[in-house]
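Enquirer: Input: one structure, supplied below.
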Amino acid sequence: MAKSSSKAAAAAQSKAPAEDLPNGEGVIIAHHGVTVEVRYTGGERFMARVKRRSGHVVGDAVQLRDGVLKRLPRRTELRRRDAMGGVHLVGANLDVLGIVVSPSPPPPAGFVDQAIVAARSAGLEPFVVANKCDLATSAELVTALRAAYADAVAIYPLSAATGEGLDGLRAFFAADHRGAFVGTTGVGKSSLLNALCPEIDLQVGTLNDSTGKGRHTTTVSTLHCLDGGGELIDTPGFNDFGLVDISAQELSLYFPGFEQGQPGNCRFRNCRHRTEPGCAVNALVAQDRIPAARYATYLEILNDVEADEAQSRSRGRKS
Ligand SMILES: Nc1nc2c(ncn2[C@@H]2O[C@H](COP(=O)(O)OP(=O)(O)O)[C@@H](O)[C@H]2O)c(=O)[nH]1
Ligand SMILES: [Mg+2]
């Protein structure tokens, strides 16, 4: 079919069973239960019906041949855990995960580390967004973030409110990155999505909205193109509930700051970097190349993660 040239034409949708749609390849940009919206490589968009538990997710690459919608293999999968402990797929084929923090409310202890580990174990490149840099208290947070993470991940201090610093983030996404944001309620994720991608038009909460729930009117996961390039996935429920728990093994492999000792330089492949002989991380700590404070943070999180794992095992819930 002819390529749509105008934006309006590209946005035109036809709701049709898959058998009525032209052959082509595309990506799922919205998921509404039994229908998915597919954006073809040429820019045309169609709604196609799928089975209720088809397993399709936003970001999936699909191929439509003679009425059959076939999902292509995924590069990455990002998952979240809901309040009831259920695990859900958030999106497919993401490249980057933005970990959003702010001076107010500040990130919970260990939040950034755990999110970095979760992103890396899912095959995504994590980066940190320090939002609300218009606030006076931001400088202290940014200094602390740089001290802890500058060697491990990119850090973008910015203000979704004033627009300061947003261009750096836009340039990052322009390298054809597909990403999502994660962060606790109130740090400004919706504001940031709106600033980057005004078509999204999300509701922005207030900090005294204690639950943070019910503000998000849409329940549909969507994939948005950014004007300068790159894509953002917005999945209601994911942003505030956060990532699937990390394992002790993942923590020891992917903890930010341990990169120089990794991977596989320890004598034992399953080294947890405590007191094992031949531990590459311990050697770096001894040489002050990993700051003692960072190592102490790692041990604290490791203890928590192992306690959670032991508890789950004793309940027989988790592998
Ligand atoms: N000062 C300041 N406030 C912001 C900024 N971004 C968001 N906020 C405010 O922070 C609160 C929470 O924002 P929201 O986008 O709903 O956060 P979310 O819960 O992470 O989606 C709102 O009152 C916003 O107006 C910013 O860059 N600077
Ligand atoms: Mg929000």
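No lab work stands behind these numbers, since they all come straight from the coordinates. Worth saying up front: this structure is predicted, and the values here are computed from it rather than measured. Positions of Cβ are generated from backbone atoms using ideal geometry, with glycine treated the same way; all protein chains shown enter the neighbour counts.
Enquirer: No partner Cβ under 4.7 angstrom, meaning no disulfide-compatible partner by this rule: which Cys of the chain qualify?
Expert: Among the cysteines of the chain, those whose Cβ sits 4.7 Å or more from every other are Cys133, Cys197, Cys225, Cys279.
Enquirer: Could you put His31, His273, His56 in order, starting from the residue whose Cβ has the fewest other Cβ atoms within 10 Å?
Expert: His56, His31, His273
Enquirer: For the chain, set up a GNM with springs between Cα atoms under 10 Å and report which of Ala115, Ala161, Ala92 has the largest fluctuation.
Expert: Evaluated over the chain, the most mobile residue of the options is Ala161.
Enquirer: Right, something else. Rank Leu72, Leu141, Leu97 by mean-square fluctuation in a GNM of the chain with C-alpha springs under 10 angstrom and give only the top-ranked residue.
Expert: In the Gaussian network model the winner is Leu72.
Enquirer: Now for a different question. Once you've got the GNM for the chain with C-alpha springs shorter than 10 Å, pick whichever of Gly183, Gly242, Gly24 has the biggest mean-square fluctuation.
Expert: Of Gly183, Gly242, Gly24, the Gaussian network model singles out Gly24 as fluctuating most.
Enquirer: Please provide three numbers in whole Å: the alpha-carbon extents of the range 77-241 along the principal axes, with the largest listed first.
Expert: For the range 77-241, the Cα extents along the three principal axes come out at 36, 36, 31 Å.
Enquirer: For the chain, what is the calculated [θ] at 222 nm in deg cm²/dmol (nearest 500), taking -39500 (n - 2.57) for each run of four or more DSSP H residues and dividing by its residue count?
Expert: On the way: 9 runs with 87 residues, N = 319.
Estimated from H runs of four or more residues: -8000 deg cm²/dmol.
Enquirer: Keeping to pairs on different chains or 8 or more places apart, tell me how many lysine pairs in the chain have Cα atoms under 30 Å apart.
Expert: 16
Enquirer: Restricting the count to DSSP beta bridges whose residues both fall in the chain, what percent are antiparallel, rounded to a multiple of 5? Please list the in-between numbers first.
Expert: Numbers: 31 of 49 bridges.
Among the beta bridges of the chain, antiparallel pairing accounts for roughly 65 percent.
Enquirer: Express the Stokes-Einstein translational diffusion coefficient of the range 108-205 in µm² s⁻¹, to the nearest whole number, given a Kirkwood radius over alpha-carbon pairs, 25 °C and a viscosity of 0.890 mPa s.
Expert: Details: Rh = 14.2 Å.
For the chosen part, D equals 173 µm²/s.
Enquirer: Right, something else. Based solely on C-alpha atoms, express the radius of gyration and the Dmax of the chain in angstrom.
Expert: Spelled out, the Cα radius of gyration and Dmax of the chain are 21.2, 66 Å.
Enquirer: Related question: Over all Cα pairs of the range 252-301, how is the pair count split among 10 Å bins, expressed in % and running from 0 up to the last occupied bin?
Expert: So the P(r) values, bin by bin, are 29, 64, 6.
Enquirer: Which FRET efficiency value, to the nearest 0.05, do you get for Ala171 and Gln63 by plugging their Cβ-Cβ distance into 1/(1 + (r/R0)^6) with R0 = 25 Å? Intermediate results must be reported in sequence, preceding the final value.
Expert: On the way: r = 32 Å, r/R0 = 1.27.
With R0 = 25 Å, the Cβ-Cβ based efficiency is 0.20.
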